[in-house]
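Notes follow once the structure below has been shown.
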Amino acid sequence: MNTSKPIRVRMAPSPTGYLHIGGARTALFNYLFSRHYKGTFILRIEDTDQERSKEEFEDAILQDLRWLGVEWDEGPIKEGAYGPYYQSERLDLYRKYLKKLQELGKVYACYCTPEELEAERQDLLKRHKTPKYLGKCRNLTEQEKKALEAQGRPSVIRFRIDEKDPIQFHDLIRGDISVDPSILGDFVICKPDGWPLYNFAAVVDDCEMKISHVIRGEEHISNTPRQILLAKTLGLELPQYAHVSIILAPDRSKLSKRHGATSLGDYRTQGFLADALKNYLALLGWNPGDEREIMSEKELIQDFVLERMVKSPAIFDVEKLKWMNGMYIRNSALDTIVHESLPFLEASGLSVKDKHPHWLKKVIETIRGNLETLNQVGSFSELFFDEKFTLAEEAKTQLLKNKKEVLEVLNALDTLLAKAGTIDLEGFQKLQEDLKSKVTVSDKKLLFQSQRLALTGRLKGPEMTVVMPILGVDSCRKRIQITKSKLSL
Ligand code: GLU
């Protein structure tokens, strides 16, 4: 790869919606690329669609990128030498370039109405021709223009394509690409209100911001020839292009809401970890060239080169992502997982404020092996929270089967607990020995199960050697009383 120019890449979201998985992956690829080559990662907000751009979306995009750990070097909040980084604040620049295009005779006003354009499109489709603008307003005289304006018709500005030679470019992922300019049709670069449209504003900014590589989704590949024509006409130096494969659902259809969450924010609220998502997204359309799947950010940065990008569509498999997230939940620092779990515990109605941090750590340590996403943390840990203690129906039935023995076990356990005062792992073994000698129940299973059912209210769960020390003496005794009264023992 030619890296003689300083590496400058960009992510250019339009704040017209939330950041979705595809956008997050584009940002991540640009970020990893910039870090690998010790370059600069720019965030540019493409907010020229005044109607659809919303501050709420912009805030969410910035927040989501930060959450994912895809930090930009230049852009909103940061600033830098090539700002402003909002297109809405760069209108003078586009005006300057528009003037140049006007002077070159490369643009013209078009007064066609949306209805006329649609009729033209339908007609071409009917005749099995590629829909494009046929150039009705290309050669209007001043008089004709005046007449149309007098009718109150608004006009857009179109770029005039006179080029005959194929537009050629080398895509760093897809190889050499050649496009016949006659399929493009004169395209709109400015709206009636004078604001620039995407192709115009984006190419001006890519060149002005000295972007060295444009790494973006495959869906933009059809825009590239238009952007190249504009840049060449304006005498601007072009970046290199790399179009990354689209993301499909496992059934190879377009990824949509029907396949689950599509926005990054949704994944965050479902309890996916940023590091796991980052790892997973990096492998959608790129691979390290070996079998590795779990990769730290450091490894990703070290190995991220465009040569290993895959051309074929990437399949977004949420089950695989869940598996990966589970791995991260198990293997990340326990303190991190505890911290990340807090909002999910609260959302499950578990009060953590009055709990000792050490106790909480023990709970999370015990249950994290079961989790695929952090929004499951509540259901797996609630058995340790007294306020959530209930006897499941199946537990009741089981306990009532051996009423007499159960009562004997629970009373003996209660007395031993009261005497013990505290309970740890060793204490638990001793307690079990003592209990065995104190009761007439010789069935080991019954002895053990009665304790599990009475103390957790459930048939299954973590080992009692772990559960009892976490619950502690007071909680165990409280639960014994509740169980007894619930069963009228
Ligand atoms: N604003 C465009 C988008 O959000 C940017 C495309 C590009 O990277 O050029 O799709």
Being in contact with a Lys or Arg (Cβ under 8 Å, 6 or more places away or on another chain) and not in a loop (DSSP other than H, G, I, E, B) is the filter; apply it to the stretch 35-82 and report the residue that is nearest to GLU340 (Cα to Cα).
TRP67
Please indicate, with yes or no, whether at least one residue in the stretch 320-338 is surrounded by 18 or more Cβ atoms within 10 Å (Cβ to Cβ) and in contact with a strand residue (DSSP E or B) (Cβ under 7 Å, 6 or more places away or on another chain).
no
Filter the stretch 12-28 down to the residues that are under 30 Å from ASP303 (Cβ atoms) and either acidic (Asp, Glu) or in contact with a Phe, Trp or Tyr (Cβ under 7 Å, 6 or more places away or on another chain) (or both), then identify the one that is surrounded by the most Cβ atoms within 10 Å (Cβ to Cβ).
ILE21
Test result for LEU65, within 14 Å of the ligand (Cβ to nearest atom), at pLDDT 95 or above and of a type in the set (A, V, I, L, M):
yes
Which members of the stretch 429-451 meet the condition of being among the β-branched types (Val, Ile, Thr) and surrounded by 13 or more Cβ atoms within 10 Å (Cβ to Cβ)?
VAL439, VAL441
Restricting to the stretch 334-368, give me the number of residues that are among the hydroxyl-bearing types (Ser, Thr, Tyr) and at pLDDT below 95.
1
Being of a type outside the set (A, V, I, L, M, F, W, C) and over 10 Å from the mean Cα position of the chain (by Cα) is the filter here; which residues of the stretch 19-34 pass it?
THR26, ASN30, TYR31, SER34
If you go through GLY349, GLY289, the only one that is in contact with a helix residue (DSSP H, G or I) (Cβ under 6 Å, 6 or more places away or on another chain) and loosely packed, with under 14 Cβ neighbours inside 10 Å is GLY289
Answer residue from the stretch 18-34, given it is outside any helix (DSSP H, G or I) and touching a helix residue (DSSP H, G or I) at 6+ places or on another chain (Cβ under 6 Å) and is farthest from the ligand (Cβ to nearest atom) among those
TYR18
Within the stretch 126-146, can one find any residue that is exposed (fewer than 13 other Cβ atoms within 10 Å of the Cβ), at positive phi and among the charged types (D, E, K, R)?
no
Being polar (S, T, N, Q) and in a loop (DSSP other than H, G, I, E, B) is the filter; apply it to the stretch 196-228 and report the residue that is nearest to the ligand (Cβ to nearest atom).
ASN223
Give all pairs with beta carbons closer than 9 Å in which a residue from the stretch 194-219 that is more than 19 Å from ALA24 (Cα to Cα) and of a type in the set (Asp, Glu) meets a residue that is within 11 Å of the ligand (Cβ to nearest atom) and assigned to a helix (DSSP H, G or I); count only pairs at least 6 apart in sequence or on separate chains.
ASP205/GLN87; ASP206/GLN227
Of (1) crowded, with 17+ Cβ neighbours inside 10 Å; (2) in contact with a strand residue (DSSP E or B) (Cβ under 7 Å, 6 or more places away or on another chain), ILE161 fails just (2)
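The values are calculated or read from the model by the stated rules, or taken from the named source; none is laboratory data. Since the structure is predicted, the reported quantities are computational estimates derived from the model, not experimental observations. As a convention, Cβ positions derive from the backbone with ideal geometry for all residues, glycine included, and neighbour counts pool all protein chains shown.
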